[in-house]
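Presented below is the structure to which this report refers.
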Amino acid sequence: MTKILKIAFQGEPGANSHIAISDAYPTAEAMPCATFEDALAAISSGEADLGMIPIENSVAGRVADIHHLLPQSGLFIVGEWFLPIRHQLVAVPGAKLEDIKTVESHVHALGQCRRIIRKFGLRPIVAGDTAGSARMIAERGDKSCAAISSRLAAQIYGLDILAEDIEDEAHNTTRFVVLAREPRWAAQGSGPLVTTFVFRVRNLPAALYKAMGGFATNGVNMTKLESYMVDGNFFATQFYADVDGHPEDRNLAFALEELKFFSREFRIVGVYPGHPFRATFMERSSS
């Protein structure tokens, strides 16, 4: 008998992370977790085989908690998934738009749907997550309360969709990373690859500038560089980076060697296939 993958996510059934799991791993069992810490712990303990964790959104930017939690977790990125986010305005059966006075959802979802909230004069209420807000208004049964959630959440909790695809920006997309306990480097030459690593530079003048120089001189495309404080120390900064390629590619190997020379800490978090969605936002030459 084939073992069914169990994949942890933060949120309740019907969350966007749940949809990403269903799209990427149709036969897997989605495992809801109350917090990101709980989801990462489930992977680390073996309770879950993998995790589907949002890391950044094209409108709201990075999911800040993850950049702090991922390096500490000891887990590895083995894949990525891009999910277009489609928000629905949902309410209990029988409710009409003119009945609605309040709308609740995750703070990012509310921020991504400002136009319709303004248009109908609704009072926004911040909730823990989109699917949880759908569940709560379903349990409350109040026709004056709406939520912003996914279509899946509306189905799960028996809600009507009063307005479809209400996000302000059509490009609204979330990038997820797939986490595992063990590293699974994609094979060199197996197609477009992404290498993710974290590092801390030495406390030397221009150390970051010098550490980054190897990527420029060796023609390595760096698609992400994020910084954040370590343990609340204003002067201890850790960096999170994504680059195109495999660490054994000649140019990337040279770039990483130079980076490590100027770094006090360095760890590769994952080497994994780039999702096809990346091809849709490649910069075009202006020539």
**Message:** Cβ-Cβ distance below 8 Å, separation of 6 or more or different chains: which pairs start in segment 74-101 with a residue that is aromatic (Phe, Trp, Tyr) and end on one that is open to solvent by 50 Å² or more (accessible area, probe 1.4 Å)?
**Reply:** 76/181; 76/182; 76/183; 76/184; 81/23; 82/277
**Members of segment 105-146 found to be in a loop (DSSP other than H, G, I, E, B) and within 19 Å of residue 34 (Cβ to Cβ), listed by number** = 106, 127, 128, 129
**Prompt:** What are the pairs, 6+ residues apart or on separate chains, where a residue within segment 160-175 that is more than 15 Å from residue 105 (Cα to Cα) has its Cβ under 6 Å from a residue that is of a type in the set (D, E, K, R) and in a strand (DSSP E or B)?
**Reply:** 175/56
**Message:** Please determine whether any residue of segment 89-96 is more than 30 Å from residue 182 (Cα to Cα), under 21 Å from the mean Cα position of the chain (by Cα) and not charged (D, E, K, R).
**Reply:** no
**Request:** Please find, within segment 248-274, the residue that is least open to solvent (accessible area, probe 1.4 Å) out of those that are modelled with pLDDT of 95 or more and part of a loop (DSSP other than H, G, I, E, B).
**Result:** 274
**Selection from segment 57-66 of residues that are out of contact with any helix residue (DSSP H, G or I) (no Cβ under 7 Å at 6 or more places or on another chain) and crowded, with 18+ Cβ neighbours inside 10 Å** = 63
**Fill in**
Considering segment 18-38, residues that are closer than 30 Å to residue 223 by Cα and either of a type in the set (Asp, Glu) or at pLDDT below 95 (or both), and then whichever is surrounded by the most Cβ atoms within 10 Å (Cβ to Cβ), we arrive at 36
**Request:** Considering each residue of segment 21-52, count those that are outside any loop (DSSP other than H, G, I, E, B) and closer than 22 Å to residue 71 by Cβ, and give that number.
**Result:** 14
**Request:** Using the structure shown, decide if residue 241 is part of a strand (DSSP E or B) and over 29 Å from residue 47 (Cβ atoms).
**Result:** yes
**Item:** Whichever residue in segment 128-146 is open to solvent by 20 Å² or more (accessible area, probe 1.4 Å) and under 28 Å from the mean Cα position of the chain (by Cα) and, among such residues, is farthest from residue 15 (Cα to Cα)
**Value:** 138
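To keep it simple, each residue is scored yes or no on (1) touching a helix residue (DSSP H, G or I) at 6+ places or on another chain (Cβ under 7 Å); (2) surrounded by fewer than 21 Cβ atoms within 10 Å (Cβ to Cβ); (3) aromatic (Phe, Trp, Tyr).
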{"position": "155", "(1), (2), (3)": "no, yes, no"}
{"position": "160", "(1), (2), (3)": "no, yes, no"}
{"position": "163", "(1), (2), (3)": "yes, yes, no"}
{"position": "179", "(1), (2), (3)": "yes, no, no"}
{"position": "186", "(1), (2), (3)": "no, yes, no"}
{"position": "200", "(1), (2), (3)": "no, yes, no"}
**Item:** Counted residues, segment 39-51 - those being closer than 27 Å to residue 226 by Cβ and open to solvent by 40 Å² or more (accessible area, probe 1.4 Å)
**Value:** 2
**Asked** From the residues in segment 3-17 that are assigned to a loop (DSSP other than H, G, I, E, B) and in contact (Cβ under 8 Å) with a residue 60 or more places away in the chain, which one is surrounded by the fewest Cβ atoms within 10 Å (Cβ to Cβ)?
**Response** 13
**Message:** Which numbered condition in (1) closer than 27 Å to residue 82 by Cβ; (2) assigned to a loop (DSSP other than H, G, I, E, B); (3) touching a strand residue (DSSP E or B) at 6+ places or on another chain (Cβ under 9 Å) is the only one that residue 189 fails?
**Reply:** (3)
**Message:** So, residue 54, is that one open to solvent by 40 Å² or more (accessible area, probe 1.4 Å) and either closer than 14 Å to residue 129 by Cβ or free of Cβ contacts under 8 Å to residues at least 12 places away in the same chain (or both) or not?
**Reply:** no
**Prompt:** Which residue out of 153, 91 is in contact with a Leu (Cβ under 7 Å, 6 or more places away or on another chain) and among the small types (Gly, Ala, Ser)?
**Reply:** 91
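The values are calculated or read from the model by the stated rules, or taken from the named source; none is laboratory data. Just so it is clear, the structure is predicted and the values come from calculations on it, not from any experiment. Neighbour counts run over all protein chains shown; Cβ positions are idealised from the backbone, glycine included. What goes into the accessible areas is simple: the full protein's heavy atoms, side chains included, and nothing from ligands, DNA or RNA. Shrake-Rupley method; radii C 1.70, N 1.55, O 1.52, S 1.80 Å.
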